[in-house]
1. Write down the accessible area per residue of the chain in Å², having rolled a 1.4 Å probe over the full set of protein chains.
2. Select from segment 64-122 those trypsin sites (Lys or Arg not before Pro) which occupy a DSSP coil region and have at most 14 other Cβ atoms within 10 Å, ordered by residue number.
3. Might you report the magnitude of the Cβ-based charge dipole of the chain about its Cα centre, with Lys and Arg at +1 and Asp and Glu at -1, to the nearest 20 debye?
4. Looking at the chain as a GNM with Cα springs under 10 Å, which of Val79, Val12, Val48 has the largest mean-square fluctuation?
5. Dividing the Cα radius of gyration by the Kirkwood radius, what Rg/Rh value follows for segment 43-109?
6. Can you compute 3J(HN,Hα) from phi for each residue in segment 12-19, using the Karplus curve 6.51 cos²θ - 1.76 cosθ + 1.60 with θ = phi - 60°, rounded to whole Hz and x for Gly and Pro?
7. Quick check: pseudo-label points 7 Å beyond the Cα along Cα→Cβ at Trp57 and Lys76, how many nm apart are they?
8. Whole percent per 5 Å bin, from 0 to the bin with the longest distance: what is P(r) over all C-alpha pairs of segment 4-67?
Amino acid sequence: QVQLVESGGGLVQAGGSLRLSCAASGRSFTRYYVGWFRQAPGKERDIVTAIGVTGEWTYYTDSVKGRFTIARDNAKNTVYLQMNSLKPEDTAVYYCALVARWSQYWRDYTYWGQGTPVTVSS
């Protein structure tokens, strides 16, 4: 069993930055890919970025490439999402989640955090 806790969300002006953290409990964290998803009101939950078990492999959806960076520290059981040049369309609740094998579909992910809201004002 793994528990995930996200933090770092908040209100920021367009062009600003936020750093989200996803802290995991449980010894099996390092076996999983970690994905960050976001869900805006009335919209589907979509993949934003993901990172492989060692941190060497990463994935970014097109809309965040060059602005967001994912990283993991397995010694601390934590994954980070650095978000720069934020836009109003980045406004959503951000979730981290774990999956044993890479997938971009939220239904394939096993463990989820409670989410942290990000609001970008124009």
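1. On the way: 6550 Å² over 122 residues.
Accessible area per residue, the chain: 54 Å².
2. Numbers: sites: Lys65, Arg67, Arg72, Lys76, Arg101, Arg107; in loops: Lys65, Arg67, Lys76, Arg101.
Of the trypsin sites (Lys or Arg not before Pro), the ones in loops of segment 64-122 whose Cβ has at most 14 other Cβ atoms within 10 Å are Lys65, Lys76, Arg101.
3. On the way: 13 positive and 9 negative charges, 40 e Å.
Using Cβ point charges on Lys, Arg, Asp and Glu, the chain gives about 200 debye.
4. Maximum fluctuation in the GNM of the chain, among the listed residues, is at Val12.
5. Values: Rg = 12.1 Å, Rh = 12.9 Å.
Taking Rg over the Kirkwood Rh, I get 0.94.
6. 9, 7, 3, x, x, 10, 9, 10
7. Result: 2.5 nm between the two label points.
8. With 5 Å bins starting at 0, P(r) equals 4, 13, 19, 28, 22, 10, 5, 1.
The values are calculated or read from the model by the stated rules, or taken from the named source; none is laboratory data. Note that the structure is predicted; figures quoted are calculated from it, not measured. Neighbour counts are summed over all protein chains in view; Cβ atoms, including those assigned to glycine, are modelled from backbone coordinates with ideal geometry. With ligands, DNA and RNA removed, areas are computed over all heavy atoms of the protein, side chains included. Shrake-Rupley method; radii C 1.70, N 1.55, O 1.52, S 1.80 Å.
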